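Asker: Got a structure here, written out as structure tokens. Questions coming.
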Amino acid sequence: MLTQTNLAEKSFEFSSMQTVQAAPGYEKTSQTVYKQTAVETASPEKLVVMLYNGALKFLNKGEKALLAETFEEANEALTRALDIVVELNATLNLEAGEIAVHLRDLYNFYAREIIAANIERDASHLGPVIDFFTEFALVWAQVAKR
């Protein structure tokens, strides 16, 4: 299973690749080091923001790819978005109360919508998912600022 750290790391993209010295036979890019450090030092709230932003990035990329009928690209983006939603769902603490239970229901619904968009090659399923993650990314960003 992917971890929040792995998923948050995957939610970043960088334009240049520079190699950093590492153990023989193992190369790390400066971007890899940066991503790892950013994730390892982030608060739990900031990790959630990273995950939401990563999900949004892949949902938007998947939507554009579906509309452009580049289905392989859409599949990859939507699979990555789904991985993030599944991880967010798996890490919910249902003992925390009613909000966590409702979030579980929402994550399950939006996961099904992502799957439907991918299988049916229909971007119309993604509108409500993108709206939810956009709104909640803002909410979590406010929580993380405290």
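Derivation of every value follows stated rules applied to the coordinates shown; laboratory data play no part. As the structure is a prediction and not an experimental result, all values here were calculated from the model. Cβ: placed from backbone, ideal geometry, glycine included. Neighbour counts: every protein chain shown.
Asker: Compute the semi-axes of the equivalent ellipsoid of segment 32-146, taking the square root of 5 times each eigenvalue of the Cα gyration tensor, and list them largest first in whole Å.
Answerer: After diagonalising the Cα gyration tensor, the semi-axes are 25, 18, 12 Å.
Asker: Note down the magnitude of the dipole of segment 43-145 about its Cα centre, charges +1 on Lys and Arg C-beta and -1 on Asp and Glu C-beta and zero elsewhere, to the nearest 20 debye.
Answerer: 300
Asker: Could I ask something else about it? Test of understanding: what is the full-extension gain from Ser43 to Ala100, defined as 0.36 nm times their sequence separation minus their Cα-Cα distance?
Answerer: That pair, Ser43 and Ala100, stretches by 18.6 nm at full extension.
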